[in-house]
Amino acid sequence: MEKIYVSTRDQNRKMTSKQAILEGISKDGGLYVWPDIDSVQIDLHTICEQSYKENTYTILQPLLPDFSEEELKTCIENAYGHSFSSPDITPVKKVDDVYVLELFHGPTSAFKDVALTLLPQLMSASLKAGDQKAMILTATSGDTGKAALEGFKDVDRIGICVFYPHQKVSQIQYRQMATQQGKNVKVYAIEGNFDDAQSKVKSLFLDEDLRKKAEAQNVILTSANSINIGRLVPQIVYYFESYKYLVNHGAIQLGDPVSFSVPTGNFGDVLAGYYAYMMGLPVKKFYVASNANHVLTDFLTTGVYDRNRAFVQTISPSMDILISSNLERLLYYMSGKDTKLVSQCMSDLSKTGRYQIPDTLLQKIQFLFGCAYLDDKKTKETIATVYQESKVVLDPHSAIAYQVAKDAKERPIVALATASPYKFSQDVLDALHQNSTNELEAMKQLQTICSDPIPKGLKALESQEIRHKEVISVEQMKDVVEKNMEALL
Ligand SMILES: *Cc1c(COP(=O)(O)O)cnc(C)c1O
């Protein structure tokens, strides 16, 4: 099979798509990329005539060439056949003059579902016949954890450990993870923040001792974070889907460019948009929308990436991130596949917490990528204004993307809505100047003003028992992984 994927830090580390999905991260610390992704040009006519599932096949087939047609189609059917509450999977709503792409109609009410319903299927199909097993390690700022747990729950030959920052996720996110059922799942609260958890998970993948122990048991350690190419590529589809909507509703002519505003943390979602662009989607501008942890706004403005700053806990916790892993993939492509430059930047980042890119590279990036950020106060104001003017309730993450889209000059523009407002009920009510006693009560209160009903999975939380209570230190993460690996056998 053709090894089309290489590491962002070494073009001689080659993998097939299945190998890349199983490994998650390259052994040299780099991320897997397909250098010639722009050799695929998706036909927009076809996209505008096909269903979501058909478009998923059309877009993913060239990116995952070692999957057979039947394999890939089965994966897609299992992922999107019945677990989304909207028949369109990712419907579009026009709010004032912004098109809002709703990505939260999956089982856990966050956009992560779009990819994490499909990734377990792809991973299962990638395991070698026989008794090879996989152990998923996932660091989460809140939403990935639940979506991954739900996607991987009771999948044969795969186990999953999720690590989230203790008391730094919302009440609902906490309950979603702590009540998770399934015989192959483990959930741990970590004393630290998301970056601590993510850095440790990354280092565990590179830990020789742990790797040897895993190999001896025929277990592959891998990731469900957006560093995994199998997690990233399903997200390309909804960019094309929103384009299909605009064409089919007469908002644009086929071929016209559109712009996007994307609420960003780890840079996975907006990078998928860039992949869509490289595959032929006409895009004028991507706006990278951030919260008070605006390391990306600063980077895109100055060319200096600097994580040496105070970490701010905000009402958009899924974007509370100072190390945006997937930016590495953008640097790879934008620098003309300069693995040396990427390696240098990433080495600087891990040694000093900072790197700087050359001016020419910055200008090239700025040509396509705009940026802006909103602090909590402005985020709440946006939630209130949009509700007053349009009777639409946005969650804090979506509100940030919406306001950044509003402030942008390009039209048409699509703002990505990444979570259901019910996931962040108390903060949303607070923004609307309504008091509430706790998250579960707030959810019911929100229902009186929200046009969508409370999603099934969130409604059930109240009555489900807490099953996962362990709080561990970052140092203990390796031990629990070893323990769970043995339990998998
Ligand atoms: C994960 C997440 C984001 C950020 O997406 P990235 O791919 O990490 O940039 C934004 N909003 C919500 C609700 C999320 O769960």
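The values are calculated or read from the model by the stated rules, or taken from the named source; none is laboratory data. No experiment lies behind these values; they were computed from the predicted model shown. Note that we place each Cβ from the backbone using ideal geometry, even for glycine, and neighbour counts take in every protein chain shown. Side chains included, ligands, DNA and RNA excluded: accessible areas come from the protein's heavy atoms. Shrake-Rupley method; radii C 1.70, N 1.55, O 1.52, S 1.80 Å.
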Normalised per residue, the volume of the convex hull around the Cα set of the stretch 9-65 (Å³):
90
Return the whole-Å distance between the Cα centroid of the stretch 435-456 and the Cα centroid of the stretch 1-28.
45
Dividing the alpha-carbon Rg of the stretch 36-96 by 2.2 N^0.38 Å yields what?
1.28
Global size of the stretch 164-262 as Cα Rg and Dmax, reported in angstrom
19.9, 58
How long is the gain from His249 to Gln344 if the chain were fully straight, where each residue apart is worth 0.36 nm and the alpha carbon distance is subtracted?
29.6 nm
Let me have the relative contact order for the chain, percent, based on Cα pairs under 8 Å that are six or more residues apart.
20
Return one whole number: the accessible area per residue of the stretch 241-363 in Å², for a 1.4 Å probe.
33
Once phi is turned into θ = phi - 60°, what whole-Hz ³J(HN,Hα) does the Karplus curve with 6.51, -1.76 and 1.60 give for every residue of the stretch 380-386, x standing for Gly and Pro?
5, 4, 5, 4, 5, 5, 5
Please list, in chain and number order, the residues 5+ apart from Val100 or on another chain whose amide H is under 5 Å from its amide H, with Hs placed from the backbone.
Lys93, Lys94, Val95, Ala415
5 Å binning of all Cα-Cα separations within the stretch 178-337, expressed as whole percents from 0 upward
2, 7, 13, 17, 17, 15, 12, 9, 5, 2, 1, 0
At 1.002 mPa s and 20 °C, Stokes diffusion of the stretch 68-175 via Kirkwood alpha-carbon radius, µm² per second:
140
Taking only C-alpha pairs under 8 Å that are 6+ residues apart, what is the relative contact order of the stretch 86-188 in percent?
22
For the stretch 170-233: accessible area per residue (Å², 1.4 Å):
33
For the stretch 237-301, place one equal point scatterer on every Cα, skip the solvent, and apply the Debye formula. What is log10 of I(q)/I(0) at q = 0.18 Å⁻¹?
-0.67
Residues with amide H under 5 Å of Ile4's amide H, sequence separation 5 or more or different chain, H placed in the peptide plane at 1.01 Å from N; which?
Met15, Ser17
Label point distance in nm, Lys212-Glu482, each placed 7 Å from Cα along Cα→Cβ
1.2
Ala224's amide H: which non-local residues (gap 5+, or another chain) put their own amide H closer than 5 Å, with H modeled 1.01 Å from N in plane and none for Pro or chain starts?
Leu137
Short version: ³J(HN,Hα) in whole Hz for each residue of the stretch 353-362, in order, from phi by Karplus 6.51 cos²θ - 1.76 cosθ + 1.60 (θ = phi - 60°), x for Gly and Pro, what are they?
x, 8, 8, 10, 9, x, 4, 4, 5, 4
Per residue, how many Å² of accessible area does the stretch 1-107 show with a 1.4 Å probe?
42
Whichever lysines have a C-alpha closer than 23 Å to that of Lys3, once near sequence neighbours (fewer than 8 apart) are set aside:
Lys14, Lys18, Lys27, Lys73, Lys128, Lys133, Lys337, Lys340
Tail fraction, Cα-Cα pairs, the stretch 3-122, threshold 16 Å, whole percent:
68
Express in % the proportion of alpha carbon pairs of the stretch 268-409 at distances exceeding 19 Å.
55
With the contact rule set at Cα under 8 Å and sequence spacing of 6 or more, what percent relative contact order holds for the stretch 378-489?
20
Specify whether the C-alpha gyration tensor of the stretch 186-241 places it in the rounded, prolate or oblate class, a ≥ b ≥ c being the square roots of the eigenvalues: rounded for a/c under 1.5, otherwise prolate if a/b is larger than b/c and oblate if not.
oblate
Please compute one quarter of the surface area of the Cα convex hull for the stretch 365-471 and express it in square nanometres.
9.5
Classify the chain from the C-alpha gyration tensor, please: rounded if a/c falls under 1.5, else prolate or oblate depending on whether a/b exceeds b/c.
rounded
Carbon + sulfur, % of accessible area of the chain - ligands and nucleic acids excluded, 1.4 Å:
46
Expressed as a whole number of Å, what is the distance separating the alpha-carbon centroids of the stretch 122-156 and the stretch 197-218?
16
